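Heads up: the structure comes next, in structure tokens.
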Amino acid sequence: MIDYGTTLKVLIIADVNFVMVGGYAAVAHGAEIVVHQCLELCYERTPENVKRLATALAPYHPQRRDALEAISFVLDDRALLQGMNFKLQTDLGDIDLIGQLPGLGEFREVARDSLAVNFHGVSIRVASLDAIIRSKRASGRGKDLNALPELEALKQLRDSGKK
Amino acid sequence: MKSSERDRLFELVANPPPGSKIEAAKKYGVDLTVNVRRLLLTPTERVREIEAALRFAEDLQTAMDQMSK
């Protein structure tokens, strides 16, 4: 069953460094809610952090969504450091772990352009609207490019409200 | 859906036939691995997922709203 609120709390309690990006980050900024999407997290690729991340997710049976069932997969620090982006299916829902985002870079760059949000008593980092726009533009995929008019309009509305 | 059927669908998503609708959707940016996983659910389970996702999205927007106040 999807429980992304618990996912975030579990990661924060485990002291995992990540930034929420992608569709739900856009939703946080006011974009239209699209329910058929994964929780996308840009994670810090240091040995200590990937170990904490793998340990925190282990009780929720992470498996790759994009692999055949017969291929056994163990999400551990070694697997995380050998790969970059992971499409996971867990007991808490679908989670995409992203090591590097187009147009933005890795965790450090993404975190620099993010904001802290108090979510049910825990502080999570959410990519800024500007960062989401840059990333979607840089990806060049039709789906991301089609999301730009709404996000850019949101940005203009937000900026107009500040004046 | 049997395990072999699931694997056949994943194989299709991983290596779509050239010129197929699956290939086009993948190039467009649709994450078809999510669709395949959802095909394994019952309609009731799909609705529950949608409800849970909606609750999360609303909680997120509430958290952002409170931050800007």
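Here are the numbers for this structure:
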quantity: Candidate set: the range B:18-45, residues that are modelled with pLDDT under 90 and among the charged types (D, E, K, R); chosen: the one surrounded by the most Cβ atoms within 10 Å (Cβ to Cβ); calculated: B:ARG37
quantity: Pairs with Cβ under 7 Å, 6+ apart, first in the range A:65-92 and in contact (Cβ under 8 Å) with a residue 40 or more places away in the chain, second in a strand (DSSP E or B) and surrounded by 16 or more Cβ atoms within 10 Å (Cβ to Cβ); calculated: A:LYS87/A:ARG64; A:LYS87/A:ASP96
quantity: Failed item, numbered, when A:LEU145 is tested on (1) farther than 30 Å from B:GLU51 by Cα; (2) without any contact (Cβ under 8 Å) to a residue 12 or more places away in the chain; calculated: (1)
quantity: Pairs where the first residue, in the range A:1-30, is in a loop (DSSP other than H, G, I, E, B) and the second is at pLDDT below 95 and among the basic types (Lys, Arg), C-beta under 7 Å, 6+ apart; calculated: A:MET1/B:ARG48
quantity: All positions within the range A:129-163 that are of a type in the set (Ser, Thr, Tyr) and surrounded by 18 or more Cβ atoms within 10 Å (Cβ to Cβ); calculated: A:SER135
quantity: Test result for A:ALA67, within 19 Å of A:ALA111 (Cβ to Cβ), out of contact with any Asp or Glu (no Cβ under 7 Å at 6 or more places or on another chain) and within 14 Å of another protein chain (Cβ to nearest Cβ); calculated: no
quantity: Candidate set from the range A:108-138 (those that are under 12 Å from the mean Cα position of the chain (by Cα) and in a helix (DSSP H, G or I)); member that is farthest from A:LYS9 (Cα to Cα); calculated: A:ILE132
quantity: Any hit, the range A:46-64, residues being outside any strand (DSSP E or B), free of Cβ contacts under 8 Å to residues at least 40 places away in the same chain and under 29 Å from B:SER68 (Cα atoms); calculated: no
quantity: Close pairs from the range B:46-69: first more than 7 Å from chain A (Cβ to nearest Cβ), partner outside any helix (DSSP H, G or I) and among the aliphatic types (A, V, I, L, M), Cβ under 8 Å, at least 6 apart; calculated: B:GLU58/A:ILE33
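The values are calculated or read from the model by the stated rules, or taken from the named source; none is laboratory data. The model shown is predicted, which means the values in this text are computed figures rather than measured ones. Neighbour counts run over all protein chains shown; Cβ positions are idealised from the backbone, glycine included.
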